[in-house]
Each structure stands twice: as C-alpha cells, then as structure tokens.
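Worksheet for the structure shown next.
Where a number appears in this text, it was derived from the coordinates with a stated rule and is not lab data. Since this is a predicted model, take the numbers as computed values, not measurements. Quick reminder, even Gly has a Cβ in these numbers, built from the backbone with ideal geometry, and neighbours come from all protein chains shown.
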Amino acid sequence: MPDKRITIRATRYDPDKDQAPRLQSYDIPFYDESMVVLDALNYIKSNLDGSLSYRWSCRMGICGSCGMMVNGTPKLTCNAFLRDYWPRSITVQPLNNFPVIRDLVIDIEDFMHKLKSVKPWIIRKQEIPLGAGEHYQTNEMIDDFRQFSECINCMLCYAACPVYGLNNEFLGPAATALARRYNLDSRDQGLKERQPIVGDAEGIWECSFVGECSVVCPKGVDPAKAIQQTKLDTTMRFVLPYGNRD
Amino acid sequence: MSADAETHPAPRLYRWRMPANWWTRNRHYFLYVLREFTSLPLAIWLLWLLYDISETRLVQPTAFAVFSIVCLPFALYHSWTFLSLAGSIIHIKVLDRPVSPRLIVASQFALWIGGTLVIGLLLLWLAP
C-alpha cells in the first residue's frame, strides 16, 4: 500500500523581505492516523524547512499557544487531526484579526493588554489573614462561573469575531468572559474596578452577538453568553435602585 | 531612544485587514448579517406606519399591505433569532437552582405568541 501523503499550505511572511504574506506548499507523509496539524508543521520544520515560524508548547490543548486558521477556521493545531481533512490539502494561516510578525506568528500585545485591563484575578477590599481560614464555596457557587474559568487565552474567539476584526478597540470575547468569571466568584469584590472597562462603549456594548466566539472555543467556554449576561446585569444595575451594589 | 530600541528595532508587522466579503465566508456570519439586515425593512415599515398614524389614515393601503406581507418573514426571522437567544442571556435562579435555558426560551415564545394574540384580538375588536 502506497504511503499516504498530504499537502500543507502554510503562510510565509518574512518582514525583512516580503510585502505581504504568501502561501507555500509542503507535501508531507501522513504516516499516523493520530497526526495533528501541529505534527505536520513540526515535520516541515524538522525535515523540509527549518525557517518556518509558529508558536506551540504543550501539544495537548491546555497552553493555548498553537491557535491558527486551519482551512479558514480558528483551531488549536494540536487538536486538528489530519484525518479530518485528508485527502484534501490543509491551509494553515496565522489567526485572523491580528498583526502578523512572521509566518504563522501573530502579535498578541493587544490581547495581553486587554486581558490585563479586566484584572482577571480575585480582588478583595481587605485581605483576610491566612489564619482566619478558607473562603468557603459551595458547588453551586462554583457552577456559576466554572465554564468561564476554562478559558486558556488561545485567542481563537478573537480570530472568529468580526466585530473585533472591524474594530480592534473592542474589548473582545475572552477578556469579557474572564471578567465575568471573577465577577461571579463569591470570593471576589472587584466588580466596580472592572466595570469601567467592561461596561465601556468598546466593551460589552460593542458586541452585536455574532456568537462565533462560542462556536470556535476549544474549551467549551461561551464568551457570547458572558457578554450578553453582563449586558443584562449592567442594565439592571443601572435601572434598579438596589442594583448598584458593591 | 533607548539603547535596546537602537539595537533591536521593532519588527515590521503585517496588518491584517478584514475583507469586504467576510460575511460570505461562513454560514454563521451570513445568518448574523441577515439577522441584522432584517432590522432595516422593519424600521421602514414602522416609519411608514407612524406616518399613516400621523395622517390618521392609510395613505397607500394596497402598497402598505404588500410591503407588510414582504416584511412579515423578516419580522418572524428577527423575532425567532432574538427569542432563541434568550436562554443564553437570561440567567435566573428559582429556589437557588438555575432555570433551564430551554424553559426560558419557551417562556419567551409563549409571551410572544400570547402578546400577538391579545394585540390581534384587540385590533379585531377595535375594527369598524
């Protein structure tokens, strides 16, 4: 039986030479049914073209480093199996909506700034000393925010969001989902610190509920839900006399 | 300029631009744009209705009837998509247990159908 092969078309962009990204084709062996797109890129880098640049780390869908456009859809390349595409060729491009540094590597500065701006950590008005014991939470309390805490900051949701693509001032899906994750945490008291960012015109109100962010999320987070629920909460906090709580 | 910036100038980034036809590249994008577009004929229909109310008569009854029929599928599609999303948006608890999104969506559709029936009957009752 002849060896199976597959064609990978990868974006190449050298900022010192190229005016714009271009696609380069690589014909590689498809020797194992468990091969993923990241394996194909690693094969190319090891055997065909060592200059190909891309980000990756854990290879198991945890670190969120290897997000790329695979045949036009934002995917973690460690979780995109070649068998799902073969015998068609696979086009691998950098995530949409971000500036490209080189080949498949995007500039994540804007996302990192937005992520930090929503203070995705537990904020206390006054820290309780360690000796005072734990902050108790019931399973029901954790269920309120559990799914939003699954976010791995892979930025696939930003690549899928046409609102962010058209206006990169938009706070975006993942940052809002993480803000909601902490706002819903019974241990947190930082809602008022996050609200000026989240409730800004470029925050939740910029979202027009395309919903594709939730479709592409590899961890089952529903950022669109987080944004719409935050809109409702913000409105109620504004309208109801008791809503402007701490 | 710092010494670091002199020795390591910032890389020249390729700025990605959203293509004008982005909404044709994905079924979800297309349905989203369709959903947003339906607001336009509905807004025109409403302005027309307001004008007729200000004139206290139907200025062009046949044309308005035809346009209303044209707008009906847009109104139904917009309402359907909007109400279907209610399960994602509304997050309420009863007796400390979250209400199922399906139940929330069903309640929205029930209110919609109920409201339509009440308004319809009211209009029939008011009709000369």
How high is the relative contact order of segment A:185-246, in percent, counting Cα pairs under 8 Å that sit 6 or more residues apart? 29 percent
Within segment A:198-237, report the GluC sites (Glu not before Pro) that DSSP leaves as loop and that have at most 16 other Cβ atoms within 10 Å. A:E202
Helix B:39-54 vs. chain B, principal-axis angle (Cα, 0 to 90°, nearest 10): 40 degrees
Could I have the simple spin-label model distance between B:S39 and A:W86, label points 7 Å from Cα toward Cβ, reported in nm to one decimal? 4.7 nm
Of A:I128, A:S65, A:G50, which is farthest on the positive side of the dipole of segment A:40-145, counting Cα position, with +1 on Lys and Arg Cβ, -1 on Asp and Glu Cβ, and the Cα centre as origin? A:G50
In chain B, taking the dipole from +1 charges on Lys and Arg beta carbons and -1 charges on Asp and Glu beta carbons about the Cα centre, the listed residue (B:G114, B:I92, B:L46) farthest towards the positive end is B:I92
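Place a +1 charge on the Cβ of each Lys and Arg in chain A and a -1 charge on the Cβ of each Asp and Glu, then give the dipole magnitude about the Cα centre in debye, rounded to the nearest 20. Don't jump to the answer; show the numbers that get you there.
Details: 29 positive and 31 negative charges, 10 e Å.
Taking the Cα centre of chain A as origin, the dipole is about 40 debye.
So for chain A, averaging the separation of alpha carbon pairs under 8 Å that are six or more residues apart and normalising by length, what relative contact order in percent results? Spell out each step's value before the answer.
Numbers: 410 pairs, mean separation 42.1, N = 246.
With pairs under 8 Å counted, the relative contact order is 17 percent.
Over 25 Å between Cα atoms: which of A:K45/A:K219; A:K192/A:K225; A:K17/A:K116; A:K17/A:K75; A:K45/A:K75; A:K125/A:K219 fall into that group?
From the list (A:K45/A:K219; A:K192/A:K225; A:K17/A:K116; A:K17/A:K75; A:K45/A:K75; A:K125/A:K219), the Cα-Cα distance tops 25 Å for A:K45/A:K219; A:K17/A:K116; A:K17/A:K75; A:K125/A:K219.
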Let me know the shape class of segment A:31-85, please: from the alpha-carbon gyration tensor, a ≥ b ≥ c as square roots of the eigenvalues, rounded when a/c is under 1.5, otherwise prolate if a/b is greater than b/c, or oblate. rounded
Among A:A224, B:V59, A:L115 - extreme Cα towards positive end, dipole of the protein assembly as shown, charges at beta-carbon: B:V59
In degrees between 0 and 90, to the nearest 10, how far off the longest principal axis of chain A does helix A:223-239 point, with axes built from Cα atoms? 20 degrees
Solvent-free Debye scattering, log10 I(q)/I(0), computed from the Cα coordinates of segment A:109-239 at q = 0.22 Å⁻¹: -1.36
Roughly how far apart, in whole Å, are the Cα centres of segment A:78-132 and segment B:45-93? 41 Å
